[in-house]
Amino acid sequence: MITAHLTDAEIQLYVAEPHAISQQMANHIQGCAICQSKAANYVLLFDNIKAAAKPAFDFDLSALVMKQLPAPKRAFPWAAIVVSVFSVAIVAVSVIFFWSAMEASVKAVSGVLLTIAAAGALTILIFQVVEMFKEHQKRIDTILSQKTLQL
């Protein structure tokens, strides 16, 4: 049997997880009035901590925490760069190989037809830009309307 009293950490371990201590320590607590009273005090303390009301703050803790967090770093857009370089290379190779054919076809086509084609391409481009802006605005509104961090 242990003759010295158990430490506070050992008694707390006995109260929180009785199976985690040795049989010698358990026997000492059962036979020692001082250690039993300390264990009873820890039982009361732990029960009161569990029963205590959760703290309620009168300020927005999540806003304070979010301000101190570092901004997330975006990953380097390797895929976009590879696709862009590949696209530019294809266009450059096409222009180099087919320059004489493109030059002859542009000279053969009338100015009115080129103007109509350019106007059509510009119209499509404008519609795409407007649609992209609407999608971006919708995403921003979704992000701003989401609730803040709940703790």
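The values are calculated or read from the model by the stated rules, or taken from the named source; none is laboratory data. These numbers were taken from a predicted model, which means no experiment stands behind them. Neighbour counts are summed over all protein chains in view; Cβ atoms, including those assigned to glycine, are modelled from backbone coordinates with ideal geometry.
Every test in (1) modelled with pLDDT of 85 or more; (2) more than 29 Å from Gln146 (Cα to Cα); (3) surrounded by 10 or more Cβ atoms within 10 Å (Cβ to Cβ) is passed by Val112 save one, and that test is (3). The single residue among Ser100, Ser105, Ser84 that is among the hydroxyl-bearing types (Ser, Thr, Tyr) and loosely packed, with under 10 Cβ neighbours inside 10 Å turns out to be Ser100. Residue-level check: of (1) surrounded by 10 or more Cβ atoms within 10 Å (Cβ to Cβ); (2) at pLDDT below 95; (3) hydrophobic (A, V, I, L, M, F, W, C), Met132 misses just (2). Considering only segment 73-96, I want to know if a residue exists there that is touching a residue at least 24 places away in the same chain (Cβ under 8 Å), under 43 Å from the mean Cα position of the chain (by Cα) and under 30 Å from Leu144 (Cβ atoms). Within segment 73-96, not a single residue is touching a residue at least 24 places away in the same chain (Cβ under 8 Å), under 43 Å from the mean Cα position of the chain (by Cα) and under 30 Å from Leu144 (Cβ atoms). Of the helices (runs of 4 or more DSSP H) lying entirely inside segment 1-84, those containing at least 1 residues that are touching a Phe, Trp or Tyr at 6+ places or on another chain (Cβ under 7 Å) and of a type outside the set (Phe, Trp, Tyr) span 8-16, 23-31, 33-51.
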